[in-house]
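Working notes for the structure below.
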Amino acid sequence: MATRLSRDYGAVRRFGMPHVIAAVIALTAGIGFLGYEFARDRHAHIATAKAWDIRGAPCPEVSAAAWQARRLKAPKVFDYDGTLLGRWSGDASCSDVKDKGGKGFGTDKVCQFTNPTVLTVVSPAGSFYYEPGVSQPATLSLHKDIPRCVLASKFTRESE
């Protein structure tokens, strides 16, 4: 005589309605918190982008051959997140700034110089050379490792 296996209809379910409600509440609270943090940080990012948006005439760019021929040097070199920045003299102040005016998700690197005389940039995109000149402040911004240099800066030794 063969026995038939009977089904157990009295088994307890693993997840009931209280579990589902708790998961929905936790998920909603998490999304609300992240949204609040994003909105709060966005205002700070926009303010930082406005403060570090320096406009001016482009710096004179020097080719690598002319740099070598004129024996220009930038002895004050520092590493800024994998990018080597060099200058002859002066001070530097750098900041990470969100792209697209503070509204983007990418980050640009921006450095202001008081009196660099010459600037070098060695990034994954290549080597770049600039000659702002003596007593000329400059600002260097790197978007996706491509530098842009302008002859202006808000940074001074007094604002340090």
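The values are calculated or read from the model by the stated rules, or taken from the named source; none is laboratory data. Because the structure is predicted, anything quoted here is derived from the model rather than measured. Cβ coordinates were reconstructed from backbone atoms using ideal geometry, including for glycine residues, and neighbour counts include every protein chain displayed. Heavy atoms of the whole protein, side chains included, go into the accessibility calculation; ligands, DNA and RNA do not. Shrake-Rupley method; radii C 1.70, N 1.55, O 1.52, S 1.80 Å.
Give the number of residues within region 124-160 that are among the β-branched types (Val, Ile, Thr) and either crowded, with 19+ Cβ neighbours inside 10 Å or in a strand (DSSP E or B) (or both). If you could, list the steps in order and put the result at the bottom.
Restricting attention to region 124-160, the residues satisfying the condition of being among the β-branched types (Val, Ile, Thr) are 134, 139, 146, 150, 156.
Those left that are additionally either crowded, with 19+ Cβ neighbours inside 10 Å or in a strand (DSSP E or B) (or both): 139, 146, 150.
The qualifying residues number 3.
For every residue, the table says whether it meets (1) modelled with pLDDT of 90 or more; (2) of a type outside the set (Phe, Trp, Tyr); (3) open to solvent by less than 50 Å² (accessible area, probe 1.4 Å); (4) assigned to a helix (DSSP H, G or I).
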| site | (1), (2), (3), (4) |
| --- | --- |
| Ala44 | no, yes, no, yes |
| Trp67 | yes, no, yes, yes |
| Ala74 | yes, yes, yes, no |
| Leu85 | yes, yes, yes, no |
| Val97 | yes, yes, yes, no |
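Kindly indicate which of Val110, Val134, Val121 is more than 30 Å from Arg42 (Cβ to Cβ) and among the hydrophobic types (A, V, I, L, M, F, W, C). The match here is Val134.
Being out of contact with any helix residue (DSSP H, G or I) (no Cβ under 8 Å at 6 or more places or on another chain), open to solvent by 40 Å² or more (accessible area, probe 1.4 Å), in a strand (DSSP E or B) and modelled with pLDDT of 90 or more is a condition met by at least one residue of region 111-123. Lys103: closer than 30 Å to Ala39 by Cβ and surrounded by 13 or more Cβ atoms within 10 Å (Cβ to Cβ), yes or no? Answer is no for this residue.
Go through region 46-56 and give me each residue that's among the aliphatic types (A, V, I, L, M) and either at pLDDT 95 or above or surrounded by 13 or more Cβ atoms within 10 Å (Cβ to Cβ) (or both).
Of the residues in region 46-56, the ones among the aliphatic types (A, V, I, L, M) are 46-47, 49, 51, 54.
Selection gives Ile46, Ala49, Ala51, Ile54.
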